[in-house]
Amino acid sequence: MSRQAPTLEDVAREAGVSRATVSRVVNGVRNVDPAIQDLVRRAIERTGYAPNQAARQLVTRRTTTVALVVSGAGDGSEAGDGRGAAAGGSGVGAGGGAGDGRRAVGEAPVGEAGDGETAVARPVGGSTAGRAVEGPRRDREQPGGDRPDPEQPVRDRANREQIAFATRVFADPFFGRVVGGVVGHLRPRSMHPVLMFAETPEARQEVVTYLRQGGADGALVVSTHPDDPLPALLAEARLPAVLFARPGRPVPLSHVDLAHREGGRLAAEHLLARGCRRIVTVAGPLAVTASQERLAGFRDTLARHGIAHVPVAEGGFTADSGITAMASLLAEHPDLDGVFTANDLMAQGAVQALREHGRRVPQDVAVVGFDDSSVAVTCRPRLTTVRQPVEDMAATMCALLDDHIRGRLSEPTSVIFDPELVVRDSA
């Protein structure tokens with residue numbers, strides 16, 4: 001006969017407190033003395049007590065999950081070129097998602113790799129909005145016998161775009177840092193993120209419906225396009241949500257962001273201190289607020305030091321766009337001696353282009369990137385860059401969302417982080 005699972009009463013006896021006190025600690029009620037909380041938690045460890053999540057949800061009306069939503073405008077214009085990176089550090093474009101649009105980060109479906117990476121699920125019935133599905137099969141049964149389905153090519157194209165988007169998301173170092181910050185904050189609190197993609201009107205509505213129906217307690221939104229309509233939809237529905245980066249359109253939701261102008265200033269001052277005077281820049285997509293701010297801070301600083309004109313080439317937050325932009329700048333300004341790029345991926349591309357044109361970094365041309373992503377340390381030479389504390393920003397998103405969910409925060413608020421110059425080998 002199996003041993004009965006430990007109960008709240010068992011924990012209360014072990015800790016020497018009341019059952020009500022144990023319940024308050026388990027449910028995260030904050031008016032319990034820290035010493036008592038510690039006593040109860042140690043009693044929980046000794047007894048092996050595990051809360052009944054279904055019963056706990058009935059009491060707290062919380063699911064212990066939050067939706068981590070990667071969202072875009074869904075018009076297809078940004079796919080593949082990185083121009084949909086409204087968060088300011090990402091090369092993520094728009095496309096599609098995984099499974100049924102939802103997958104707990106770090107959990108793999110049965111039969112797939114369970115190595116702690118985010119899994120892309122296979123389709124499970126219902127709408128294809130916001131999820132990746134299998135491609136066309138020659139032996140797939142068609143409606144009406146052997147007659148071809150006229151809608152199949154449209155679905156196949158949408159499926160390919162969705163799969164391509166998911167691939168770009170999971171390969172993007174910026175998004176990986178966001179996930180790391182979110183998981184690092186939620187896991188010690190016994191909470192879990194559920195990954196959703198919202199790149200089409202149908203997928204955005206699916207996110208809103210999922211939250212309305214209590215599938216998750218709230219949403220952490222990483223927007224990939226300045227015209228993304230999802231934040232406004234969440235605000236109109238009065239659903240708890242926090243954004244990564246100030247939205248392109250005013251919307252009454254809390255957000256975290258970086259002092260991007262200050263980051264541009266740090267890059268400019270470092271290049272000037274190295275003696276650079278023929279300075280150019282590879283900007284991010286100029287429709288993106290973060291790109292505009294970084295460029296403005298960079299230009300303003302150089303202007304204050306007597307450099308009135310700064311040649312600019314617009315990139316797309318991808319390495320390939322950095323190569324193209326750098327080659328263009330070299331063709332027009334062959335005597336350049338300093339480059340600021342609006343993210344590390346473009347800096348990596350710029351370094352490659354400079355090398356292909358016979359320029360040494362940093363001896364001939366100094367290069368400064370932005371983000372301090374993993375690319376900065378794998379690039380050769382290693383990149384001097386402006387650090388964006390993405391993990392801390394993501395953790396703060398979670399804390400703000402929790403405050404909104406618990407009612408401790410009723411009005412939208414913002415938390416702005418300061419950038420930091422990290423000096424390595426490229427400048």
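Scanning the stretch 347-355 for any residue that is among the aliphatic types (A, V, I, L, M), within 21 Å of the chain's Cα centre (by Cα) and at pLDDT below 95 turns up nothing.
Of all the numbered requirements in (1) surrounded by 20 or more Cβ atoms within 10 Å (Cβ to Cβ); (2) out of contact with any Asp or Glu (no Cβ under 8 Å at 6 or more places or on another chain); (3) more than 22 Å from residue 180 (Cα to Cα), residue 366 misses one, and that requirement is (2).
Kindly indicate which of 12, 50 is at pLDDT below 85 and of a type in the set (A, V, I, L, M, F, W, C).
Exactly one residue qualifies, and that residue is 50.
No other residue among 389, 381, 334 is more than 20 Å from the chain's Cα centre (by Cα), within 18 Å of residue 421 (Cβ to Cβ) and either open to solvent by 10 Å² or more (accessible area, probe 1.4 Å) or among the polar types (S, T, N, Q) (or both) apart from 381.
Restricting to the stretch 252-266, give me the number of residues that are among the polar types (S, T, N, Q) and open to solvent by 30 Å² or more (accessible area, probe 1.4 Å).
Of the residues in the stretch 252-266, 0 are among the polar types (S, T, N, Q) and open to solvent by 30 Å² or more (accessible area, probe 1.4 Å).
Within the stretch 381-408, residues that are more than 30 Å from residue 348 (Cβ to Cβ) and β-branched (Val, Ile, Thr) sit with their Cβ atoms under 7 Å from residues that are at pLDDT below 95 and open to solvent by less than 30 Å² (accessible area, probe 1.4 Å), at 6+ positions apart or across chains, in these pairs: 405/217; 405/218. For residue 402, the criteria (1) closer than 26 Å to residue 219 by Cα; (2) acidic (Asp, Glu); (3) open to solvent by less than 10 Å² (accessible area, probe 1.4 Å) hold in every case but one, which is (3).
Select, from 331, 325, the only residue that is of a type outside the set (D, E, K, R) and in contact with a strand residue (DSSP E or B) (Cβ under 6 Å, 6 or more places away or on another chain).
325
Would you check if there is a residue in the stretch 250-264 being out of contact with any helix residue (DSSP H, G or I) (no Cβ under 8 Å at 6 or more places or on another chain) and of a type in the set (Ser, Thr, Tyr)? No, there is no match, as no residue in the stretch 250-264 is out of contact with any helix residue (DSSP H, G or I) (no Cβ under 8 Å at 6 or more places or on another chain) and of a type in the set (Ser, Thr, Tyr). When the stretch 267-306 is limited to residues that are under 20 Å from residue 393 (Cα atoms) and open to solvent by less than 30 Å² (accessible area, probe 1.4 Å), the one that is farthest from the chain's Cα centre (by Cα) turns out to be 294.
Going by the structure shown, is residue 160 modelled with pLDDT under 55 and of a type in the set (D, E, K, R)?
Criteria not met by residue 160.
Annotation note: Cβ proximity below 9 Å between a residue of the stretch 263-284 that is basic (Lys, Arg) and a residue that is part of a helix (DSSP H, G or I) and open to solvent by 60 Å² or more (accessible area, probe 1.4 Å) (sequence gap 6+ or interchain) occurs for 265/300.
Only one entry of 334, 362 meets the criterion of being in contact with a Ser or Thr (Cβ under 8 Å, 6 or more places away or on another chain) and over 27 Å from residue 228 (Cα atoms), and that entry is 362.
The values are calculated or read from the model by the stated rules, or taken from the named source; none is laboratory data. Because the structure is a prediction, the values reported are computed rather than measured. Note: ideal-geometry Cβ built from the backbone for every residue, glycine included; neighbour counts use all protein chains shown. These accessible areas exclude ligands, DNA and RNA; they are computed on the full protein's heavy atoms, side chains included. Shrake-Rupley method; radii C 1.70, N 1.55, O 1.52, S 1.80 Å.
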